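Data first, discussion second: the structure below is written as structure tokens.
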Amino acid sequence: MATKLTPSVTPDAGITLIELLVVITVLAILAVGVSLTAFGSGQQSAQSDKETFRKQFNAARGLAIQGRSARGLNVGPTGLSTAVMKKGDWVIKPILHQWSGTATISRLGPRSKQDAPDIILLANGQNTAFDVIFSDRRSRPQKCSSDGWTGLICDQN
């Protein structure tokens with residue numbers, strides 16, 4: 001004898017008003033969280049650019065010391081790129097990081113070569129003396145600098 005399967009749907013099946021309110025509340029909380037995250041990250045763009053520069057500077061410095069070969073960083077108004085020395089010439093790589101705002105570099109000494117990067121990091125831990133200022137329209141400018149001997153010094157904010 002075959003058993004007839006019938007769906008067990010009751011006539012009052014559906015979404016209750018309370019379930020609908022819970023879903024709308026959860027979606028509203030998620031939307032506010034996303035908008036605050038986007039707003040908050042835009043507020044600190046000069047500071048995040050400074051932190052990115054600090055990390056890349058320290059990484060390039062470490063690579064120069066460990067690899068016993070000069071490394072370089074180019075700080076453009078819109079982005080940061082790296083450079084390596086190959087057969088006596090500098091090879092500038094494409095932009096590694098786009099700035100959220102703008103960056104301005106001031107070298108505190110002459111360039112060794114016309115095609116040399118803005119900042120040269122040597123195997124002995126020394127580097128080119130410079131000042132870099134990161135700015136945007138929403139926050140105060142952030143500064144990193146080096147005299148070439150004592151390493152990188154950045155604003156504490």
Options D136, D118, D131: the member that is surrounded by 17 or more Cβ atoms within 10 Å (Cβ to Cβ) and under 21 Å from N58 (Cβ atoms):
D118
How do the pairs read when you match residues in the range 129-154 that are farther than 21 Å from G101 by Cα and among the acidic types (D, E) with residues anywhere that are modelled with pLDDT under 95 and part of a loop (DSSP other than H, G, I, E, B), using Cβ under 7 Å and keeping only pairs 6 or more apart or on different chains?
D147/A129
Please go through (1) surrounded by 12 or more Cβ atoms within 10 Å (Cβ to Cβ); (2) over 30 Å from K87 (Cβ atoms) for Q156 and return the number of the only condition it doesn't satisfy.
(1)
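Identify all residues within the range 122-144 that are assigned to a loop (DSSP other than H, G, I, E, B) and of a type outside the set (S, T, Y); write none if there are none.
Answer for the range 122-144, where residues must be assigned to a loop (DSSP other than H, G, I, E, B) and of a type outside the set (S, T, Y): L122, A123, N124, G125, Q126, A129, D136, R137, R138, R140, P141.
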Go through the range 63-121 and count every residue that is within 20 Å of the chain's Cα centre (by Cα), among the hydrophobic types (A, V, I, L, M, F, W, C) and more than 23 Å from P141 (Cα to Cα).
3
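The values are calculated or read from the model by the stated rules, or taken from the named source; none is laboratory data. Predicted, not measured: the structure shown is a model, and the values here were computed from it. Every residue, glycine among them, receives a Cβ derived from its backbone with ideal geometry; neighbour counts consider all protein chains shown.
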